[in-house]
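Read the structure below first, then the notes.
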Amino acid sequence: MKEEEKIINNIEDKSKDITVSDIDKVLSEQDKINTKEERLKKDKLFKLFDQVKLVMEMLKDFRAKKYTDIPWRTIGLLTAALLYFLNPFDIIPDFLPLLGYTEDAVAFLAIFKSLQTDLKNYCLWKGYDPDKYF
């Protein structure tokens, strides 16, 4: 099994047990997410950063009950992906320069691609141009 498949399977497994408190944990860790994003920006994954920001905004709107027209599975997968991103000791530890962060980026890209329809629907609901994110 390729590393990418292991990462996705790991996130999908964890997404089944996501709770509202997990979403709150992700939202409370926005500073850490922003710090990791800044380190990855050096790799020129700009759309990925826009997508992470979009997901954070969507989770906030979901928690505030402003945007609820989204499957729980999507919320669970996105929350699990962000929790994975926050974990410095995932499959490839983040303290390994470039490799650890690249593995996180691969996980995000795969999850975001699989949930693209739900994310685009959120963009449209917010009045955003989906081309900025996809």
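Quick note: the coordinates plus some simple rules give every number you see, no bench work behind them. Please read all numbers here as calculations on a predicted model, not as lab measurements. Positions of Cβ are backbone-derived with ideal geometry, glycine not excepted, and every protein chain shown enters the neighbour counts.
Brief remarks follow.
- Between N10 and T68, the simple spin-label model (points 7 angstrom out along Cα→Cβ) gives 3.5 nm.
- With the simple spin-label model, which puts each label point 7 Å out from Cα in the Cβ direction, the T35 to D17 separation comes to 2.6 nm.
- Sequence-distant lysines (8 or more away, or on other chains) whose Cα lies within less than 17 Å of K14: K6, K25
- Segment N87-N121, length gained on full extension (0.36 nm per residue, minus Cα span): 9.4 nm
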